[in-house]
Amino acid sequence: MALKHKTPMLDELMKGPWPSFVTDIKRVAERKPQCDDILGLMELSYKDREGHWKHGGIVGVFGYGGGVIGRYCDRPDLFPNVAHFHTMRVNQPASKFYKTDVLRKLCDIWEEKGSGLFNFHGSTGDIILLGTTTDQLEAIFYELTHELGMDLGGSGSNMRTPEGCVGRARCEWSCLDTQDIVYDITMRYQDELHRPAFPYKFKFKVSGCPNDCVAAIARADCSIIGTWRDKIRIDQEAVRAYVGGELVPHGGADGPEKRPLDIQAEVIDKCPTKCMEWDGKNLKIWDEDCVRCMHCINIMPRALRPGEDVGATILVGSKAPILEGAQLSSVIIPFMKMEPPYEEFHEFVGKMWDWWMEHGKNRERLGELIQRLGMREFLRATDVKPDPRMVNTPRYNPYIFYDPDDVPGGWSRDPKAYRERHQP
Amino acid sequence: MSSKEEAKERIINWMKEQKKSKHYFNDICKAVPEINMREAKKLINELVSEGRLRYWTSGSTTMYMLPGVDDVEKEEKGMV
Ligand code: HEM
Ligand code: SF4
Ligand code: SF4
């Protein structure tokens with residue numbers, strides 16, 4: 001079937017050896033008129049250099065404030081099949097494990113009731129169902145929940161669908177049960193996920209180790225990153241095997257060949273805190289100075305492993321630029337055991353949310369609020385004691401303020417008496 | 001009327017008095033200043049379940065508005 005709209009500019013994007021979303025959508029457009037219109041609409045946007053989507057709406061499923069994002073095109077006269085083209089977010093299973101029959105069923109539902117286009121996965125982590133009409137929303141929701149045991153994810157001013165790395169399911173470095181933590185947060189905070197009442201979005205992301213494969217430190221208002229507080233486990237025999245050229249360094253990530261590892265240049269000299277030493281036979285690590293950057297472990301995975309006393313570092317406040325510039329999360333709790341039922345963690349979350357809901361301005365992320373009112377206020381509100389490990393560069397900033405309460409003996413000050421002794 | 005129903009009533013009245021139709025959660029809470037936010041959230045959720053308030057969302061933010069009988073129809077026809 002010939003497509004209705006000519007799309008010369010989009011067609012440029014079909015050239016080259018890489019996958020093309022234009023090719024993909026054209027294939028679906030053979031059977032789905034909305035996909036034909038979506039290409040036509042996009043071609044028009046390329047021509048006009050303007051978007052043709054209106055922003056937002058009231059549509060949703062009953063009782064949920066999130067999970068559906070109303071989308072209407074502003075040229076329904078030209079593209080009637082995408083006059084309504086709502087997005088649905090589906091909460092993906094922790095670490096994105098699926099059975100193929102679930103995926104097939106999901107495709108069946110969406111082929112029948114939507115555009116047939118998916119996004120696996122959106123940058124939120126959810127499965128994104130791209131494009132349906134208002135009258136299909138409840139029916140899709142019913143089938144998702146009743147036939148697949150799946151739920152809608154977060155959107156708007158609520159807790160967003162939490163996300164985690166593959167963790168212990170496949171990765172030997174994981175210091176956390178990332179699936180369990182994601183599941184626990186999802187189930188415990190159903191109200192926060194579905195009924196928006198925050199100043200703005202709030203994201204949790206969980207990485208099993210400091211390699212941080214879900215980029216929790218850059219993308220989550222609360223980043224949970226696995227770490228250990230004992231020593232890196234060393235197999236000296238295997239270290240010598242790397243140096244002797246018997247093993248493939250970097251797990252094969254920079255070439256599959258065996259070669260002698262230049263341990264001094266590739267490991268020791270690159271340790272950010274210079275806490276390692278190699279005497280030609282044995283590797284020594286001063287673990288008290290190790291900042292758990294993972295570099296040495298990444299280079300010599302057969303020889304080095306994270307310690308056994310594992311837990312998480314809790315960081316807060318990262319975000320992409322909107323009101324303020326991009327920000328990374330800051331360490332708030334350097335180490336927490338992070339074992340079920342995670343009470344210590346949830347107690348912290350409760351205090352953090354109370355403070356943000358109380359003081360946050362509309363559309364102000366937690367990180368921006370901390371920037372505005374100060375880390376001191378945040379630590380006070382969450383009952384966390386300041387710790388040198390929260391400071392990026394100790395002694396960089398000489399302005400240190402003390403509270404009388406924080407200093408043994410404290411002090412009191414009488415401004416009136418002061419003025420009697422000192423003229424203004 | 002229970003104090004809870006009275007507070008819900010005050011929220012609805014506050015919404016009616018405003019010039020704009022869409023409001024942030026934070027601002028609606030000002031209608032019931034003596035109630036903390038977690039409790040206010042429960043009231044607002046109830047109002048949504050009862051169909052007396054409805055959500056509007058851009059996808060990134062959420063706002064609340066009073067429902068009209070033909071809201072969805074109007075939105076679909078591009079009248080709002
Ligand atoms: C323990 C006592 C003092 C402390 C902690 C202190 C602290 C400071 C600090 C932090 C600044 C830098 C302000 C800035 O650049 O933003 C400063 C500037 C200054 N202070 Fe003090 N100060 C003390 C005593 C004094 C005394 C006794 C004098 C003079 C009698 C003085 C004269 C100055 C002057 C002239 C500047 C430079 C002002 C400028 O660059 O505009 N300070 N002081
Ligand atoms: S973040 Fe660490 S534990 Fe998780 S998958 Fe990546 S390397 Fe493995
Ligand atoms: S993990 Fe990083 S800081 Fe720690 S010893 Fe290895 S290279 Fe050094």
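Scanning segment A:69-105 for residues that are within 30 Å of A:L176 (Cα to Cα) and buried (at least 20 other Cβ atoms within 10 Å of the Cβ) gives A:R89, A:V90, A:N91, A:Q92, A:A94, A:S95.
Kindly establish whether A:R229 is under 15 Å from A:F97 (Cβ atoms), more than 14 Å from every other protein chain (Cβ to nearest Cβ) and basic (K, R).
no
Residue by residue through segment A:143-194, note down the ones that are among the polar types (S, T, N, Q) and either within 16 Å of ligand 3 (Cβ to nearest atom) or without any contact (Cβ under 8 Å) to a residue 24 or more places away in the chain (or both). Those that are among the polar types (S, T, N, Q) and either within 16 Å of ligand 3 (Cβ to nearest atom) or without any contact (Cβ under 8 Å) to a residue 24 or more places away in the chain (or both): A:T145, A:S174, A:Q190.
Rundown of residues vs (1) outside any strand (DSSP E or B); (2) within 13 Å of ligand 3 (Cβ to nearest atom); (3) surrounded by 17 or more Cβ atoms within 10 Å (Cβ to Cβ); (4) without any contact (Cβ under 8 Å) to a residue 12 or more places away in the chain, yes/no style:
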position	(1), (2), (3), (4)
A:K231	yes, yes, no, no
A:A241	yes, no, yes, no
A:E246	yes, no, no, no
A:K258	yes, no, no, no
A:P272	yes, yes, no, no
A:R292	yes, yes, yes, no
A:I297	yes, yes, yes, no
A:R302	yes, no, no, no
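Of all residues in segment A:72-88, those satisfying the criterion of being more than 8 Å from chain B (Cβ to nearest Cβ) and either within 16 Å of A:T132 (Cβ to Cβ) or in contact (Cβ under 8 Å) with a residue 12 or more places away in the chain (or both) are A:C73, A:R75, A:L78, A:F79, A:P80, A:N81, A:V82, A:F85, A:H86, A:M88. A:R376 meets the stated requirement of being basic (K, R), exposed (fewer than 14 other Cβ atoms within 10 Å of the Cβ) and within 15 Å of A:G317 (Cα to Cα). May I ask you to verify whether A:L129 is buried (at least 18 other Cβ atoms within 10 Å of the Cβ), in contact (Cβ under 8 Å) with a residue 24 or more places away in the chain and in a strand (DSSP E or B)? Spelling it out, A:L129 is indeed buried (at least 18 other Cβ atoms within 10 Å of the Cβ), in contact (Cβ under 8 Å) with a residue 24 or more places away in the chain and in a strand (DSSP E or B).
Tell me the helices (runs of 4 or more DSSP H) entirely within chain B that contain at least 2 residues that are at the interface with chain A (Cβ under 10 Å from one of its Cβ atoms).
B:25-28, B:37-49, B:71-76
Comparison of A:R389, A:R365 shows that the only residue that is touching a strand residue (DSSP E or B) at 6+ places or on another chain (Cβ under 7 Å), among the basic types (K, R) and surrounded by 17 or more Cβ atoms within 10 Å (Cβ to Cβ) is A:R365. Only one of the numbered conditions (1) without any contact (Cβ under 8 Å) to a residue 40 or more places away in the chain; (2) more than 10 Å from ligand 2 (Cβ to nearest atom) is violated by A:F204, and that is (1). If the condition is being more than 12 Å from the chain's Cα centre (by Cα), buried (at least 19 other Cβ atoms within 10 Å of the Cβ) and within 14 Å of chain B (Cβ to nearest Cβ), then segment A:161-217 contributes A:Y189, A:E192, A:L193, A:H194, A:R195, A:P196, A:A197, A:F198, A:P199, A:Y200, A:K201.
Throughout, read-outs are computed from the coordinates displayed, never taken from laboratory work. Here the structure is a predicted model, which means the values were calculated and not measured. Glycine also receives a Cβ, built like all others from the backbone with ideal geometry; neighbour counts cover every protein chain displayed.
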